[in-house]
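Report on one structure; see the data block that follows.
The values are calculated or read from the model by the stated rules, or taken from the named source; none is laboratory data. It should be emphasised that the depicted structure is a prediction, and the values quoted were computed from it without experimental measurement. Cβ: placed from backbone, ideal geometry, glycine included. Neighbour counts: every protein chain shown. For accessibility, only protein heavy atoms count, side chains too; no ligands or nucleic acids. Shrake-Rupley method; radii C 1.70, N 1.55, O 1.52, S 1.80 Å.
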Amino acid sequence: MDSKQMTRFYVVRHGETAENLKMTYLGIRDVPLTENGNRQAGNVAEALSPLPLKAIVSSPFRRAADTAARIRDACRIEMRTDQRLAEGSFGRWEGHTRDEVLGLGSEDAELLVRWESDASCSPPGGESIEHVQRRVLSLVDELSSNCAGSSIVLVSHVGPIKALLAAVLDIPLQSTRRMFLDPASITIVEWGPHPLLRLFNSHAHLGWVHARWMT
């Protein structure tokens, strides 16, 4: 397959939520964007609007779907949601920071350390990153088969995006813990027999100084 037949994915992390600022495990809690998150979604939409995009597929959670809707309106293309782009569940840890989980007791603390080093491990009542990767790749393979040579926007969350990147780069899932994804950032991958990472965590459309790690 040549480069013209590869499917290009513009992978967008949803805009900012209040929980993102607190650095909690958000998971499947369905929360809205902040006022700043809505502005970020508008900036992403403007950045993508000149591109020849075929469609948008989004996680069904509000923070992602609302971000995707702004892109849909700016680009005037079809949008649908797909559960395979949803964030992984953190189970009992949702709503807690890492330090708070460590303070829940020795059982949770030991499981957290294992979860951070073992991709097959799940939070209590949650979903492993291995399972997240399987469902994300199922969707990417499906879209690539049906839309070869096209450009598609995926709007998702940190877990699924990193799971996709691990497959693109052919690296262990746990290595993605060394990657940071800003809210409303754009990552570009091309999917085919020899996947390519074209761009990672671009937030130029938001202004360089507004990225959380720049402050």
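Brief remarks on what is shown
- Compactness ratio for the stretch 1-121: Cα radius of gyration over 2.2 N^0.38 Å (N = residue count) comes to 1.28.
- The share of accessible area on the stretch 154-215 that comes from carbon and sulfur is 61 percent, using a 1.4 angstrom probe.
- Amide H to amide H distances under 5 Å link residue 150 with 8, where only residues 5 or more positions off or on other chains count and H is placed in the peptide plane.
- The stretch 93-215, Rg to Rh (Cα coordinates; Rh as Kirkwood inverse mean 1/r): 1.01
- Taking only protein heavy atoms and a 1.4 Å probe, the accessible area of the stretch 1-132 is 47% carbon and sulfur.
- Alpha-carbon radius of gyration plus Dmax, which is the widest Cα pair, for the chain in Å: 16.8, 53
- Of the three principal axes defined by the Cα atoms of the stretch 1-67, the extents in descending order read 44, 23, 18 Å.
- Within the shell of other residues whose beta carbon sits under 13 angstrom from the beta carbon of residue 205, the net charge comes to +1, with Lys and Arg scored +1 and Asp and Glu -1.
- All C-alpha pair distances within the stretch 49-94, sorted into 5 Å bins from zero, spread as 5, 23, 26, 19, 13, 6, 4, 3, 0 percent across the bins.
- Applying 1/(1 + (r/R0)^6) with R0 = 41 Å to the Cβ-Cβ distance of residue 179 and residue 76 gives a FRET efficiency near 0.80.
- Between residue 167 and residue 142, the distance separating the two model label sites (each 7 Å from Cα on the Cα→Cβ line) works out to 1.2 nm.
- Between 189, 113, 101, the Gaussian network model of the chain with springs among Cα atoms under 10 angstrom shows the greatest mean-square fluctuation at 113.
- Length gained when the stretch residue 131-residue 197 is fully extended (0.36 nm per residue, less Cα-Cα span): 21.6 nm
- Close amide-amide hydrogen proximity is noted between residue 82 and 58, 59, each under 5 Å apart and 5 or more residues distant or on a separate chain (H modeled in the peptide plane; Pro and chain starts excluded).
- Rounded accessible area per residue of the chain, 1.4 Å, Å²: 48
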